[in-house]
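One structure below.
The values are calculated or read from the model by the stated rules, or taken from the named source; none is laboratory data. Keep in mind that what you see is a predicted model, and the values were worked out from it rather than measured. So basically every Cβ, Gly included, is an ideal-geometry build from the backbone, and we count neighbours across all protein chains shown.
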Amino acid sequence: MSRISLAFRGFFALLSSGKLPDDMVAELGLIRRVAVPVTPAKAEAPKAEPAKPSDGAVQLLATLQQESRIVDFLMEDIAPYSDEQVGQAMRGVHEQCRKALDRVMTLTPVVDGVEGTPTNLAAKGLSNKDKARIKLIGKVPPDGKAEAGILRHRGWQADKVTLPALKAGERATIVAAAEIEIE
(Lines give C-alpha, C1' and ligand atoms only; values in the text may rest on other atoms or scores of the structure.)
Protein backbone atom coordinates (compact mmCIF):
# COMPACT_ATOMS: atom_id res chain seq x y z
CA MET A 1 0.00 0.00 0.00
CA SER A 2 1.44 3.43 -0.87
CA ARG A 3 2.22 5.84 1.93
CA ILE A 4 -0.28 8.42 0.70
CA SER A 5 -3.19 5.98 0.51
CA LEU A 6 -2.12 4.49 3.86
CA ALA A 7 -2.10 7.98 5.40
CA PHE A 8 -5.56 8.85 4.03
CA ARG A 9 -7.04 5.50 4.98
CA GLY A 10 -5.55 5.75 8.49
CA PHE A 11 -6.72 9.34 8.91
CA PHE A 12 -10.30 8.57 7.95
CA ALA A 13 -10.37 5.35 9.99
CA LEU A 14 -9.23 7.26 13.08
CA LEU A 15 -11.67 10.06 12.33
CA SER A 16 -14.67 7.77 11.97
CA SER A 17 -14.05 4.95 14.46
CA GLY A 18 -11.17 6.17 16.60
CA LYS A 19 -8.95 3.17 15.78
CA LEU A 20 -6.92 1.72 12.92
CA PRO A 21 -8.20 -1.37 11.08
CA ASP A 22 -6.46 -4.67 11.97
CA ASP A 23 -4.87 -5.04 8.49
CA MET A 24 -3.25 -1.58 8.80
CA VAL A 25 -1.98 -2.38 12.28
CA ALA A 26 -0.38 -5.57 10.91
CA GLU A 27 1.05 -3.82 7.82
CA LEU A 28 2.63 -1.09 9.96
CA GLY A 29 4.04 -3.65 12.42
CA LEU A 30 2.16 -2.14 15.34
CA ILE A 31 0.92 -3.98 18.42
CA ARG A 32 -2.46 -3.21 19.92
CA ARG A 33 -2.44 -2.47 23.61
CA VAL A 34 -5.19 -3.83 25.74
CA ALA A 35 -7.08 -0.99 27.34
CA VAL A 36 -7.48 -1.33 31.09
CA PRO A 37 -10.82 0.09 32.15
CA VAL A 38 -10.67 2.63 34.92
CA THR A 39 -13.48 2.34 37.40
CA PRO A 40 -14.90 5.61 38.68
CA ALA A 41 -14.31 4.53 42.28
CA LYS A 42 -10.55 4.28 41.68
CA ALA A 43 -10.26 7.49 39.69
CA GLU A 44 -9.51 10.36 42.02
CA ALA A 45 -10.16 13.93 41.04
CA PRO A 46 -7.40 16.34 42.01
CA LYS A 47 -8.23 18.01 45.29
CA ALA A 48 -8.62 21.74 45.02
CA GLU A 49 -6.63 23.77 47.48
CA PRO A 50 -8.68 26.08 49.66
CA ALA A 51 -8.34 29.78 48.99
CA LYS A 52 -5.49 31.45 50.84
CA PRO A 53 -5.71 34.86 52.54
CA SER A 54 -3.14 36.13 50.06
CA ASP A 55 -5.60 35.43 47.22
CA GLY A 56 -8.06 37.95 48.65
CA ALA A 57 -5.30 40.50 49.16
CA VAL A 58 -4.17 40.14 45.54
CA GLN A 59 -7.78 40.33 44.32
CA LEU A 60 -8.38 43.53 46.29
CA LEU A 61 -5.14 45.09 45.04
CA ALA A 62 -6.02 44.04 41.48
CA THR A 63 -9.44 45.72 41.83
CA LEU A 64 -7.85 48.94 43.10
CA GLN A 65 -5.28 48.82 40.29
CA GLN A 66 -7.90 48.17 37.63
CA GLU A 67 -10.14 51.02 38.72
CA SER A 68 -7.64 53.63 39.93
CA ARG A 69 -4.13 52.57 38.84
CA ILE A 70 -3.04 52.76 42.50
CA VAL A 71 -0.14 50.31 42.04
CA ASP A 72 1.15 52.37 39.11
CA PHE A 73 1.01 55.47 41.30
CA LEU A 74 2.70 53.77 44.27
CA MET A 75 5.47 52.25 42.13
CA GLU A 76 6.19 55.58 40.40
CA ASP A 77 9.11 57.68 41.66
CA ILE A 78 7.32 60.90 42.62
CA ALA A 79 10.44 62.75 43.83
CA PRO A 80 10.81 64.80 40.61
CA TYR A 81 7.22 66.11 40.85
CA SER A 82 6.03 69.07 42.90
CA ASP A 83 3.64 68.61 45.83
CA GLU A 84 0.97 70.32 43.76
CA GLN A 85 1.40 67.84 40.87
CA VAL A 86 1.30 64.86 43.24
CA GLY A 87 -1.77 66.28 44.98
CA GLN A 88 -3.60 66.77 41.69
CA ALA A 89 -2.79 63.22 40.58
CA MET A 90 -3.77 61.78 43.94
CA ARG A 91 -7.20 63.43 44.01
CA GLY A 92 -8.47 61.29 41.10
CA VAL A 93 -6.75 58.15 42.41
CA HIS A 94 -8.35 58.72 45.84
CA GLU A 95 -11.85 59.08 44.41
CA GLN A 96 -11.53 55.97 42.23
CA CYS A 97 -10.01 53.90 45.06
CA ARG A 98 -12.82 54.87 47.40
CA LYS A 99 -15.49 53.87 44.87
CA ALA A 100 -13.78 50.52 44.24
CA LEU A 101 -13.38 49.85 47.96
CA ASP A 102 -17.04 50.72 48.61
CA ARG A 103 -18.05 48.30 45.85
CA VAL A 104 -16.14 45.27 47.18
CA MET A 105 -16.20 45.84 50.93
CA THR A 106 -18.32 47.35 53.69
CA LEU A 107 -16.11 49.08 56.25
CA THR A 108 -17.28 50.43 59.59
CA PRO A 109 -15.35 52.08 62.45
CA VAL A 110 -14.19 49.86 65.31
CA VAL A 111 -15.05 52.68 67.72
CA ASP A 112 -17.94 54.87 66.64
CA GLY A 113 -16.81 58.17 68.06
CA VAL A 114 -15.18 61.50 67.28
CA GLU A 115 -11.40 61.43 67.07
CA GLY A 116 -9.76 63.67 69.67
CA THR A 117 -12.51 63.19 72.28
CA PRO A 118 -12.45 61.22 75.57
CA THR A 119 -13.64 57.63 75.12
CA ASN A 120 -14.69 55.09 77.74
CA LEU A 121 -13.93 51.56 76.51
CA ALA A 122 -16.57 49.85 78.64
CA ALA A 123 -19.23 52.31 77.54
CA LYS A 124 -18.41 51.42 73.93
CA GLY A 125 -18.64 47.70 74.74
CA LEU A 126 -14.90 47.21 74.24
CA SER A 127 -12.08 45.69 76.21
CA ASN A 128 -8.41 46.55 75.92
CA LYS A 129 -7.77 42.79 75.97
CA ASP A 130 -8.97 42.58 72.36
CA LYS A 131 -5.59 43.52 70.82
CA ALA A 132 -6.89 43.13 67.25
CA ARG A 133 -9.55 45.81 67.78
CA ILE A 134 -8.00 48.12 70.38
CA LYS A 135 -4.41 49.40 70.45
CA LEU A 136 -3.43 51.41 73.50
CA ILE A 137 -0.85 54.13 72.79
CA GLY A 138 0.81 56.85 74.84
CA LYS A 139 1.32 56.45 78.61
CA VAL A 140 0.00 52.89 78.88
CA PRO A 141 0.16 51.55 82.50
CA PRO A 142 2.66 48.71 83.08
CA ASP A 143 -0.17 46.21 83.62
CA GLY A 144 -1.63 47.24 80.21
CA LYS A 145 -5.06 47.95 81.69
CA ALA A 146 -6.97 51.13 80.91
CA GLU A 147 -10.63 52.03 81.01
CA ALA A 148 -10.62 55.30 79.12
CA GLY A 149 -8.48 57.51 76.92
CA ILE A 150 -8.54 59.95 74.01
CA LEU A 151 -9.72 58.42 70.72
CA ARG A 152 -6.90 59.06 68.24
CA HIS A 153 -8.08 56.76 65.45
CA ARG A 154 -11.46 55.06 65.13
CA GLY A 155 -10.02 51.98 63.41
CA TRP A 156 -11.76 50.06 60.63
CA GLN A 157 -13.35 46.65 60.41
CA ALA A 158 -14.62 44.81 57.36
CA ASP A 159 -18.25 43.89 57.92
CA LYS A 160 -18.79 42.48 54.43
CA VAL A 161 -16.37 41.49 51.66
CA THR A 162 -17.70 40.75 48.17
CA LEU A 163 -14.64 39.72 46.17
CA PRO A 164 -15.40 37.31 43.33
CA ALA A 165 -14.92 33.63 44.24
CA LEU A 166 -11.91 31.93 42.72
CA LYS A 167 -12.38 28.74 40.72
CA ALA A 168 -11.25 25.53 42.39
CA GLY A 169 -7.47 25.36 42.44
CA GLU A 170 -7.11 28.88 41.01
CA ARG A 171 -4.60 31.24 42.63
CA ALA A 172 -4.73 35.01 42.51
CA THR A 173 -1.23 36.19 41.59
CA ILE A 174 -1.64 38.76 38.81
CA VAL A 175 -2.40 42.27 40.04
CA ALA A 176 -2.44 43.77 36.54
CA ALA A 177 -1.80 42.11 33.20
CA ALA A 178 0.84 43.63 30.96
CA GLU A 179 -0.78 45.59 28.14
CA ILE A 180 0.70 45.29 24.66
CA GLU A 181 -0.66 47.45 21.88
CA ILE A 182 -0.66 45.91 18.42
CA GLU A 183 -0.12 48.46 15.68
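Go through the range 116-177 and tell me which strands (runs of 3 or more DSSP E), entirely inside it, have 2 or more residues that are surrounded by 11 or more Cβ atoms within 10 Å (Cβ to Cβ) and in contact with a helix residue (DSSP H, G or I) (Cβ under 6 Å, 6 or more places away or on another chain).
Details: elements: 118-120, 148-150, 156-161.
In the range 116-177, there are no strands (runs of 3 or more DSSP E) which contain 2 or more residues that are surrounded by 11 or more Cβ atoms within 10 Å (Cβ to Cβ) and in contact with a helix residue (DSSP H, G or I) (Cβ under 6 Å, 6 or more places away or on another chain).
Taking the conditions exactly as written (hydroxyl-bearing (Ser, Thr, Tyr), surrounded by 12 or more Cβ atoms within 10 Å (Cβ to Cβ) and either under 29 Å from Ala62 (Cα atoms) or at pLDDT below 90 (or both)), does Thr106 satisfy them or not?
yes
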